Amino acid sequence: MNWIVQTFASSVGKKTMMAVTGLGFCLFLAAHLAGNLSLYVGRQTFNAYAEHLHSLEPLVKVMEAGLLFFAAVHVITGLVLFYQNFTARPSRYAVTRSAGGRSVGSRTMPYTGILLLGFVVYHLLNFHFVDKTGTTIYDIVAAAFTDPVTVGLYVCAMIVAAFHVSHGFWSAFQTLGANHPKYMPLIQGAGLVFSLLVGLGFGLLPVYLLAVS
Ligand code: HEM
């Protein structure tokens, strides 16, 4: 138990927890995106995919519990780090100057993170905690994206997700020690490709479903 307290108390420990849980989320996002791409194929394919997932029920429940645990660790640790960085600054200026070399993605991490948390709660209320009797998951998703406001909110949320991932991906590798000058450009490139896939892959889906509705 002592090591848990020690890990959480140290700055390196907190960053490591952010990195491990963040990369866990990247894996989830990659799998979620791959599954959601079947929405482009149509009703039958997406429902068959969802049914297949539900047939793996005990495993899915374990994954959901793991995801919830990772989310709790990532959000709480992120908020603690944000608070500590904020109070540690010697002085705060009316005009914040950007430190050289810091990207939009890195400077906005806490804000994009909080927005994403809000999005995930909204998203689960849309598609997860809904009455699914007498309908199918495809019909629930397709019906949600007949509303241009919902589509707009999803597109904005996916842009926010892309920015968060664009910094979080390579930063997590750096925290875990993969900051060799030879590999870092490769990891940064992979992070950029992944964030584009997240932004475009997820972001175009609601637009497509609105267009075909
Ligand atoms: C256009 C984009 C997206 C669509 C159409 C979509 C669709 C869905 C659907 C249909 C479900 C419910 C599955 C079920 O309960 O049967 C779901 C669950 C979920 N989605 Fe998304 N999703 C999108 C983007 C995202 C993004 C960007 C995130 C994370 C930032 C996310 C996180 C989740 C989570 C955490 C769950 C719950 C997983 C579970 O309980 O097994 N989704 N999504």
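The values are calculated or read from the model by the stated rules, or taken from the named source; none is laboratory data. None of the values given here were measured: they were computed from a predicted structure. Cβ placement follows ideal geometry from the backbone for every residue including glycine, while neighbour counts extend to all protein chains displayed.
Remarks
- Taken as a whole, region 182-197 holds at least one residue that is aromatic (Phe, Trp, Tyr) and at pLDDT 95 or above.
- Filtered residues of region 101-138 (kept if without any contact (Cβ under 8 Å) to a residue 24 or more places away in the chain and in a loop (DSSP other than H, G, I, E, B)): Gly101, Arg102, His128, Phe129, Val130, Asp131, Lys132, Thr133, Gly134, Thr135
- Any pair with Cβ under 9 angstrom, 6 or more apart, that starts in region 76-89 at a residue that is over 17 Å from Leu115 (Cα atoms) and ends at one that is outside any helix (DSSP H, G or I) and at pLDDT below 90: Phe86/Arg92
- Test for Leu124: is it of a type in the set (A, V, I, L, M, F, W, C) and more than 10 Å from the ligand (Cβ to nearest atom): no
- The set of residues from region 23-72 being among the hydroxyl-bearing types (Ser, Thr, Tyr) and either in contact with a helix residue (DSSP H, G or I) (Cβ under 9 Å, 6 or more places away or on another chain) or surrounded by 11 or more Cβ atoms within 10 Å (Cβ to Cβ) (or both) comprises Ser38, Tyr40, Thr45, Tyr49.
- Failed item in (1) β-branched (Val, Ile, Thr); (2) closer than 21 Å to Gly118 by Cβ; (3) surrounded by fewer than 18 Cβ atoms within 10 Å (Cβ to Cβ), with Val193 passing the rest: (2)
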